[in-house]
1. Length gain on complete extension for the stretch LYS459 to ALA544, per 0.36 nm per residue less the alpha carbon to alpha carbon distance?
2. Quote the charge dipole size of segment 260-401 about the Cα centre in Debye, to the nearest 20; the model charges only the Cβ of Lys and Arg (+1) and of Asp and Glu (-1).
3. Mind checking segment 539-614 for trypsin sites (Lys or Arg not before Pro) that DSSP puts in a loop (not H, G, I, E or B) and that have at most 11 other Cβ atoms within 10 Å?
4. Determine ³J(HN,Hα), in whole Hz, for all residues of segment 464-471 in sequence, where each value follows from phi through the Karplus function 6.51 cos²θ - 1.76 cosθ + 1.60 and θ = phi - 60°; x replaces Gly and Pro.
5. Counting Lys +1, Arg +1, Asp -1, Glu -1, what net charge surrounds ASN206 among other residues with beta carbon under 13 Å of its beta carbon?
6. Which of the three applies to segment 49-171, rounded, prolate or oblate, going by the alpha-carbon gyration tensor with a ≥ b ≥ c and a/c under 1.5 meaning rounded?
7. With a cut-off of 8 Å between alpha carbons and a minimum separation of six or more residues, what is the relative contact order of segment 521-675 in percent?
8. Gain in length, GLN244 to GLU336, computed as 0.36 nm per residue apart minus the alpha-carbon separation, to one decimal in nm?
Amino acid sequence: MSGSLEALFRPNGLAVIGASAKPGKLGFTILKNILDAGFGGPVIPVNPKGETILGVPSVKSVDDIPSGTDLAVVIIPAASVPDTILQLGERKVRAAIVITGGFAESGADGARLQEELSRNAARCGIRVVGPNCQGVNYPHHGLCASWPLITRKGAMAIASQSGTVGAALADWASEEKLGFSAFVSMGNRIDVDEADLIEFFATDPNTKVITLYIEGVKDARKFLTAVKKCQKPIVIFKAGRTEQGRKAAESHTRSLAGKDEIYDAVFRQFKIHRAASLEELYDFGKVLAYVPPPAGPRMLIVTSSGGSAIIATDVAEENGFRVSPLPVPLASQLREILPPHCIVGNPLDLTGDTDAERYRKVLAASREQYDVVMTIFGDPIVGASEILEPGGPELVAYLGGADVERAERLLLHEKGIAVFPTPERAVKAFSCHVRFARDRFPRALEAPPPAAAPASAGKSLTPADSMAFLAREGVSVTPSRQALREEEAVAAACEIGYPVAVKMNSPDVTHKSDVGGVLLNVEDDAGVRKAFHDLEGVARRLGARSGGVLVSAMAARGLEIIVGVTRDLQFGHAVMFGIGGTLVEVLRDVSFRIVPFSEKDAAEMIEETRGARLFQGVRGGRPADVAALRQLLVQVSGLVTRHPEIDEMDLNPVIVHENGLTVVDTRIVLSARTA
């Protein structure tokens, strides 16, 4: 369903369906939180007894709600919810938060009830959050239709499939006096989902960063559309990385979890910050909301703790920052300011007897010399909050300061300066600012290992047909000829020119080299005859269909790589690039992009692999033609866009030469729907 979420976050008034006068009941707690949060519009409790609850008169029926009330919070038994939505539609209610559980997450009966609820909401044009959710908290409008009661305003929006996970983030932000702009527990997402919320928060003046906990994207196309339009940073903690985790995620809210490596590729491609833990989700959101980005990679570390500074240095260098030596004039100036026992270098160690004034002098002298200054308070530094001001790219960690630390941290947060409890967490979070600017902040990246390809239910083409298809599409392949008989194989070899490679041509054998199905450097007619008979024997032994043999020219030496295509159930076709060719499953050095993508995306795919340096030539080797490889990746992206019937495709190996490249072998599987 489409439509504005204004009535959900900024309602003119609201009704609580299922309000209760009994403390401990959810209908009591949510009503109390709405009132205590200071909601400015009328609040109408709906209770069949018509009693006064928390000083507010209730009405007995949904039919008694004033027409045009924007929002309803629904806390009644699941069986009654679909009909209640129809009643709300008659009262011209525009949005509903369905707290009630017992829908698709509970089994087949609940799923049918959820479908009815969804149909009724769509019929009435009511935007719905939930069901089976923990509600919505938008403190900038005094709206806390959720629990616990949290009212501190901030700049970080929190949306979560899990109510508890989202509430934990909101609680952390409130406890640290940073606050949040919104908290939404999405629940079963029959209507409002992560894409809708990204679209809303993208234009919300109170939100600087959007953080999400998801177990799977509900609608991939809608999600990508929202992400492309959003100009604000997005941080996502996607759970369900392992097989068992995916199963748990799919049973939690009956949502599709999807392949983790494809999600990882999507996040990289569309510049979404991926958090690996709930802690990282909070830290990344915190830094993107409150710490400005640096102009460059030069970092100065000022500390009272040498050990903490070493930790910070390691993490900084690993993430693309340069903890470079002090300029000579600055070092001389600092030696005049500091006691002789301080270590004048980078890190700049003020030692454990320092105070806030020593920090102030050093920071005043050093700030303009570096792109970012990381200040580590490693002791109980009284007055630390008085020497820092918001607005600059300053990174702060405070640890080892006990009660003084806790008090100063809150004072800094009240000034809008983010403080982290360890140097490692601080720098990892700060690296969000540079993660997608590796041209200026380079570091080695590791890609996730490839997933084992399942047996396809589609139609596999023979190697000969696969190579012919690529040739028609303009891809550079080795000259090859199919031979169904021995004499045809000899004629093909003579036409191509010795030496040749002779390969099985069965559509049933995926990894020919593993079963002895590839014979290289065959040098004469007799060798071709023997190869033909040997490969026919391999096919018989395996029970594979025989398509004769494929006779191919021997490719010139070069760097072996693989280019693959897989079809993801949610995001569609994705292209894989990997180092190693036939050794890809051993090296496990790959990257992914969903199609279509640009040459810039292709370049990033290559750079993300650990073996990217091989293309420059190592240990006296010749460099490889990276431009040709980029062009091939874009070619494959366009090819599968034009041919959606392709389910899987492996170009393996592809040999990249000093000038150009050659596809040596390929395998194509067509979708069962089009085969």
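Computed from the coordinates by the stated procedures, all read-outs in this text should not be read as laboratory data. On a predicted model such as this, the values are computed, not experimentally measured, just so you know. A quick note on method: Cβ atoms are made from the backbone with ideal geometry, for glycine too, and the neighbour counts reach across all protein chains shown.
1. 29.2 nm
2. 420 debye
3. Those satisfying the criteria are ARG557.
4. Result, rounded to whole Hz: 5, 5, 5, 5, 5, 4, 4, 4.
5. Residues close to ASN206 contribute a combined charge of +4.
6. Verdict is oblate for segment 49-171.
7. After rounding, I find 23 percent.
8. 27.1 nm
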